[in-house]
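Values quoted throughout were computed directly from the atomic coordinates according to the rules given, and no laboratory measurement underlies them. This structure is a prediction, so every number in the text was calculated from the model and none was measured. So basically every Cβ, Gly included, is an ideal-geometry build from the backbone, and we count neighbours across all protein chains shown.
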Amino acid sequence: MDHTVPAVVGVTGHRDLLPDDVPRLEEVVAGLLAELSPPPMVLSALAEGADRLVARVALRCGAALVVPLPFPPDDYEADFADQASKREFRELLAAAAESFVVPGACAGERREAGYLRVGRELVARSRLLLALWDGEHLAAAGGTSDVVRMCRGRTPVLHLATRHLRKPQIPGAFTVNRLEP
């Protein structure tokens, strides 16, 4: 009997990935997950973009997918671009080993509060954070750079340099850097 405990890998990243970059990003993520044995448990809030990319790759690699949600699913879907995005969210949610709404949600709260809460949950539960991100620190509460910032002094971060629609040119795209806590 194998008593090895899987690594818990949280994911954060840009929602607006460049479509042409997706196959290469999936390849890099698959390589990173393959280095972990046994397959990891991946925590993804299933936001559009990076969260879903890593969730799809994780499921293909045999990883368990756990989904902490900032809001109840029907409410969360209001943030998705179209029906195809909502359908993909529901399919990934159904494939998850577990999903839950992060405690503390209340009706009428600002969206940022929910994203901040789910970011804190990712940091608290993860032993490694995978950030598909351009590396630019912004002030958005619960955004990728905020989640990376929360990891400082606590959790190592694998930063996969990622271009996106708002920033299609970045140095070192597709490289992986380890940011120590």
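Structural remarks
- The three principal axes of the Cα atoms in region 1-99 give end-to-end lengths of 44, 31, 18 Å, sorted in falling order.
- Fewest-first ranking of Met150, Met41, using other Cβ atoms within 10 Å as the exposure measure: Met150, Met41
- Whether region 64-168 is rounded, prolate or oblate, judged on the alpha carbon gyration tensor where a/c under 1.5 counts as rounded: rounded
- Inter-label distance, nm, simple model (7 Å from Cα along the C-beta direction), Lys167/Glu35: 2.2 nm
- Extension gain for the segment Arg110 to His137, taken as residue separation times 0.36 nm less the Cα-Cα distance, is 7.6 nm to one decimal.
- Over the C-alpha trace of region 27-76, radius of gyration and Dmax come out as 11.5, 36 angstrom.
- Rounded to the nearest angstrom and listed largest first, the equivalent-ellipsoid semi-axes of the chain from its Cα gyration tensor are 22, 20, 17.
- Span per principal axis, largest first, for the Cα atoms of region 41-122 (Å): 37, 27, 18
- Amide H to amide H, with H built 1.01 Å from N, Leu69 comes under 5 Å of Phe100, Val101, Val102, counting only residues 5 or more places away or on other chains.
- Going from the residue with the fewest nearby Cβ atoms within 10 Å to the one with the most, Glu109, Glu35 rank Glu35, Glu109.
- Only helices enter this figure: runs of n ≥ 4 DSSP H residues, each worth -39500 (n - 2.57), summed and divided by the residues of the chain, yield -10500 deg cm²/dmol at 222 nm to the nearest 500.
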